[in-house]
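For reference, the structure is listed below as structure tokens.
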Amino acid sequence: MTREKTDFWVGLFVVLGAIALTFLALRAGNMSSFSFAPTYQVQAHFDNLGGLKVRAPVKSSGVVVGRIASISFDNQRYQAVVALDLEKQYEFPSDSSASILTSGLLGEQYIGLTPGGEDKMLENNSEIQYTQSAVVLEELISKFLYSSADKEGAAAAAVPNAHNGSVANTAPHVESAPGVAPKP
């Protein structure tokens with residue numbers, strides 16, 4: 001091969017490598033889906049964001065209709081405030097609801113919009129009133145463990161008495177009315 005041909009192939013390889021690195025950097029930064037479509041911004045308040053991040057998708061019926069612009073904290077309401085950039089081609093009623101959802105069991109979190117039934121549409125700088133916070137897996141596990149511990153505690157109260165083999169009666173004593181035989 002001649003020197004010019006070798007230089008061409010090396011240059012082509014370097015350019016393709018740079019394109020691949022740029023693609024990977026954009027994917028890692030969740031910036032691979034830049035959209036230059038005009039947007040309008042709405043806000044939503046949540047009690048718990050879980051692992052929601054800026055630039056996460058906003059979806060409705062599985063279609064990406066916008067991105068999260070910013071996340072902040074409201075010192076008066078003690079809630080997280082999420083600013084959503086929605087594409088202008090997608091209009092939602094003013095009584096729409098926003099929920100923080102997860103793709104798969106441990107996938108990325110996103111905001112899901114459910115349209116309401118109002119005739120009036122969300123406008124720039126309006127607020128979504130109906131929100132549902134993220135479901136945190138650790139909280140679900142702890143609730144499950146505590147509820148099963150409570151059930152086991154109640155079952156332990158009905159364990160046979162060690163002295164005489166009878167089952168302990170944990171029901172409160174109820175007196176019967178005069179002239180009525182008590183139930184066994």
If the reach is capped at under 27 angstrom between alpha carbons, list the lysines near LYS143, excluding any in the same chain fewer than eight residues apart. LYS53, LYS151
Low-density loop chymotrypsin sites (Phe, Trp or Tyr not before Pro), segment 38-131, at most 16 other Cβ within 10 Å, DSSP non-H/G/I/E/B, are TYR78
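Leaving out ligands and nucleic acids, and using a 1.4 Å probe, what accessible area per residue does segment 89-147 come to in Å²? List each step's numbers first, then the result.
On the way: 4020 Å² over 59 residues.
Normalised by residue count, the accessible surface of segment 89-147 is 68 Å².
With viscosity set to 0.890 mPa s at 25 °C, what whole-number translational diffusion coefficient in µm²/s follows for segment 96-145 from Stokes-Einstein and a Kirkwood radius over Cα pairs? All intermediate terms of the calculation are to be shown ahead of the outcome.
On the way: Rh = 12.9 Å.
Estimated diffusion coefficient is 190 µm²/s.
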Taking Lys and Arg as +1 and Asp and Glu as -1, residues besides GLN109 with C-beta under 14 Å from its C-beta add up to +3
So which trypsin sites (Lys or Arg not before Pro) in segment 83-145 pass both tests, a DSSP loop state and at most 13 other Cβ atoms within 10 Å of the Cβ? LYS88, LYS120
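The values are calculated or read from the model by the stated rules, or taken from the named source; none is laboratory data. Keep in mind that what you see is a predicted model, and the values were worked out from it rather than measured. Ideal geometry is used to build each Cβ from the backbone, glycine not excepted, and the neighbour counts take in all protein chains shown. We work out accessible area using only protein heavy atoms, side chains counted, and drop any ligands, DNA or RNA first. Shrake-Rupley method; radii C 1.70, N 1.55, O 1.52, S 1.80 Å.
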